[in-house]
Amino acid sequence: MFALGRRKSFLRMAVVGALLLLVPQVNAQQATSLPQDSTAADIEKFCTNIADSARDQRYLLQKQELEKLQADVDERIAVLEKRKAEYEQWLKVRNEFMAKADAGLIEIFKTMKADAAAPRLEQMRLELAAAIIMKLPARQSGLILSEMDPLKAGQISMIMSSASDPNTSKDRRT
């Protein structure tokens, strides 16, 4: 019995194999005879449709990147504006203090004798000494300059003359 079943199986396989050889292959590629112009038009249409979609996607990505960069810039501007406000407040306080200090310092030098004020002004930065001397009365300024070392008095006089000249640039005053 077992041998009979094997034979039937073998015969079935042989018949199926023979039929497969006789039947043309269904999956074989057959050359289609589409007109060349139709294929080129279809390809162009397909590429055009994809190009629009790709361009839109690219624009979307660029827009998202620009929005992210804009947010970063806005954040940095906010930080800079905060720091600017802090700096302006500090500068205001400093300038108020300096104005009070200048007024007090000038009052001190106004009460001093020229021979006592000259050595002290010689020890200061030349720009500061020149600013103080310029704010003193002219007679007292002349007496102080005459008591100073001639070289320093000359340098201070140059600073004072360039400071009063409106055509002198800031860079040349030093």
Q: Could you run the Karplus curve 6.51 cos²θ - 1.76 cosθ + 1.60 with θ = phi - 60° over the stretch 118-134 and give me ³J(HN,Hα) per residue in whole Hz, x for Gly and Pro?
A: 4, x, 5, 5, 5, 7, 7, 4, 4, 5, 5, 4, 5, 5, 5, 4, 5
Q. At a 1.4 Å probe, what is the % contribution of carbon and sulfur to the accessible area of the stretch 27-146?
A. 57 percent
Q) Can you list residues whose amide H is under 5 Å from Leu136's amide H, if they're 5+ apart or on another chain and H is modeled 1.01 Å from N? A) none
Q | the stretch 84-127, Rg to Rh (Cα coordinates; Rh as Kirkwood inverse mean 1/r) | A | 1.18
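The values are calculated or read from the model by the stated rules, or taken from the named source; none is laboratory data. Quick caveat, the model's predicted, so the values are computed rather than measured. For the accessible areas, the whole protein counts, side chains as well, though only heavy atoms, and no ligand, DNA or RNA atoms are used. Shrake-Rupley method; radii C 1.70, N 1.55, O 1.52, S 1.80 Å.
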